[in-house]
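Read through the structure below, which is laid out as structure tokens, and then see the notes.
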Amino acid sequence: MHHQQRLPSPEVFESLTKDSNLVASAPFLPIHLRSLKPVPQNWFSALPSIHFHSNNLFHRYAFGDSKQNQGLISGHFGYSLRNHLPVKPLILNAAKTTLRFAFPAFIISCIVGLVLGLVSTYLRFPVLPMFLISIIPSYVLGAFVFLAFDWGGSTLPPTVENGNIVEMIKAYSLPILTLVLVHSSLFSAHIHFWMQGETRHDYYRTALAKGLRPLHALFVHALRAILPLILTFFLHRFPLILSGTVVVEVMFGVPGFGRLAWVAVSENDQPIVLGCMLMASVLAWITVFLNGLFQSNPRNAL
Amino acid sequence: MKTSRFIAWGWIFILGLGLLLSMILDLQNGKIPMLEGQLAPGSAEAVLGTDHLGRNLALGLLSGIPALIRLVIPSLVLSLALSLISALILARNIRPKLPVLSFILLLFLLSMLGYALSWIRIFPLPLIALALGLGLLLLWLPLPGYRLRLPLPYLIQILMLAVLSIPGLLLLFSINPSSYGTLIALIGGTSWVATAQFSQRKMENYFNSTEFQNAHILGLPWHRILTVHLLPKLFILLTPQLAWLVSGFIVLEGSLGYLGIGLPAEHWGWGQMLRLGLQHPDLWWTWLFPGLCIAATTSSIFVVLKGKPGS
């Protein structure tokens, strides 16, 4: 509710900040503006100022243009154009909400995908149905989940923050189910495909010929051989826990990271959009770096 | 497997017929005639019912086919062109010669001028140009007449890393293109890396083969080696890779339509229809048919391009 509060425009802020008494007596202003002191008038303040950025919005965003906005280079993400609130806490809160359901969904998907992939390889199921489920878009899968489990709006809206764990699971069950369907089908299809490839190798056939049980040969030897592939694949998909949940959040009304970016784009709120983009990219850079680190070992190289 | 391929080819044939029909009925750019009944179920006048504006849903589904093709095929061509060029540069280690000082000065001055005049609105570009320019200047300043070999493979590898770390959907959001050209450039420009890496490996195998060495020794020109010998072989190997790429483009088009962002105003696709349909979950015909169309199209394209199960 606090975030939705309408605050005065930057012009009004500027007129207010000229008078320090007025600033001190303005309790509705954000803290960073309440503590402002008026700029001392020196002889050089009469000179015309030269701006290299020539009113370039992105330069201002990156390097700042005032004491209040010191730019991205100083770790300041700027202010939302819609409600003039600082962008960083808005994005961090939204990311926290997203991680609350996307991270458990990713972990569940990894486990379910691994188990399904192994079992389907052992039972020699065809791999095509899993691939087909994995390429069905999340908005179609989410729509069918929504219509199957929320007919009449019986589930709680996914906005529970401080409730107990049961309420949270109930509230986030549909987004988690959709994400698990999307991710686990993809994971299991790939694991199944790679395992099938391993079963054609000579070492696997030799192990079977020597009398090793197929279950043991598959789950211990073949799985160990494709482990670098699996870990690389999981690392590739990891950044999607933040940036790949836009559709699911919009569909189920989760006030998370993707929905914040979507709303910001609809309202042309560029600082929030750029902040979201930067945060998602940083997560992707970290995983690319970790992937490179992992593959720098010759045993793990693909 | 044969049954699934037969069904997939059947759906693609239906899509082709739908495209022809949409061209005959002039349904491009989302021009669908309005009927009187809004949100009406199927009838003789509108076989699949009508949406909230009284538009015929069957005609809406037909108009989604040219919209999809208009976006997917140019993006695919651009993505393939970028990936093949990058793969060739990486596989052959192509480093074109450039005059050192003119290159540095041109790059630096153009980027700074563009930034100061607000033509370039991406802030790190002048910094990259400055760093690159200063680095090259320090390395080659003692030899101003030396012709630098531009480290193109290295730059492409850096670009690949950068593209891999860009979240595609968020990039489309943040730029929010209003024309097909920009949208196609963005989709094609962010989806070429996986194909390029795959093509690079296959090209390296080909350039190390005796077939290529024989052709080279016999004096076959480069364009003939590339167009007659390399590309046909490469395209056969690339087909399963394209299954993911094309399906991904169809999903992306639907995602943008579903979210109502990033598509030109005249674009009317199945994603938009699904979004509007889900506002009335009780009226099943408004959301079921677009959802089925998207799922069937992605699956069919995937099955047809993926080919044999082991490929």
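One table, with the values for the structure above:
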quantity: Pairs with Cβ under 7 Å, 6+ apart, first in the stretch B:136-165 and away from chain A (no Cβ under 12 Å) and under 23 Å from B:LEU84 (Cβ atoms), second at pLDDT 75 or above and part of a helix (DSSP H, G or I); calculated: B:LEU152/B:ILE89; B:PRO153/B:ILE89; B:PRO153/B:LEU90; B:ILE156/B:SER86; B:ILE156/B:ILE89; B:ILE156/B:LEU90
quantity: Condition met for A:VAL265 (surrounded by fewer than 22 Cβ atoms within 10 Å (Cβ to Cβ), on the phi < 0 side of the Ramachandran plot and part of a helix (DSSP H, G or I)); calculated: no
quantity: Selection from the stretch B:269-303 of residues that are more than 7 Å from chain A (Cβ to nearest Cβ), surrounded by fewer than 23 Cβ atoms within 10 Å (Cβ to Cβ) and not in a helix (DSSP H, G or I); calculated: B:GLN279, B:HIS280, B:ASP282, B:LEU283
quantity: Residues within the stretch B:259-287 that are over 20 Å from B:SER179 (Cβ atoms) and not basic (Lys, Arg), tallied; calculated: 15
quantity: In the stretch A:115-131, residue nearest to the other protein chains (Cβ to nearest Cβ) [restricted to those that are open to solvent by 40 Å² or more (accessible area, probe 1.4 Å) and either of a type in the set (Val, Ile, Thr) or not in a loop (DSSP other than H, G, I, E, B) (or both)]; calculated: A:PRO129
quantity: Some residue of the stretch B:258-268 being within 12 Å of chain A (Cβ to nearest Cβ), touching a Pro at 6+ places or on another chain (Cβ under 9 Å) and open to solvent by 10 Å² or more (accessible area, probe 1.4 Å); calculated: yes
quantity: Sole residue being touching a Gly at 6+ places or on another chain (Cβ under 8 Å) and either among the β-branched types (Val, Ile, Thr) or facing chain B (nearest Cβ under 8 Å) (or both), chosen from A:VAL250, A:VAL282, A:VAL254, A:VAL288; calculated: A:VAL250
quantity: Of the criteria (1) more than 19 Å from the chain's Cα centre (by Cα); (2) facing another protein chain (nearest Cβ under 9 Å); (3) touching a residue at least 24 places away in the same chain (Cβ under 8 Å), which one B:SER247 fails; calculated: (1)
quantity: From the options A:VAL140, A:VAL112, residue that is assigned to a helix (DSSP H, G or I), at pLDDT 90 or above and open to solvent by less than 60 Å² (accessible area, probe 1.4 Å); calculated: A:VAL112
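Here's the yes/no breakdown for (1) in a loop (DSSP other than H, G, I, E, B); (2) in the same structural domain as B:ILE89 (by TED's automatic domain parsing); (3) open to solvent by 50 Å² or more (accessible area, probe 1.4 Å); (4) of a type in the set (S, T, N, Q):
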| site | (1), (2), (3), (4) |
| --- | --- |
| B:LEU155 | no, yes, yes, no |
| B:ILE158 | no, yes, yes, no |
| B:ILE166 | yes, yes, yes, no |
| B:THR182 | no, yes, yes, yes |
| B:THR195 | no, yes, no, yes |
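The values are calculated or read from the model by the stated rules, or taken from the named source; none is laboratory data. Quick caveat: nothing in here was measured; it's all calculated off a predicted structure. Reconstructed Cβ throughout: ideal geometry from the backbone, glycine too, with neighbour counts over all protein chains shown. Side chains included, ligands, DNA and RNA excluded: accessible areas come from the protein's heavy atoms. Shrake-Rupley method; radii C 1.70, N 1.55, O 1.52, S 1.80 Å.
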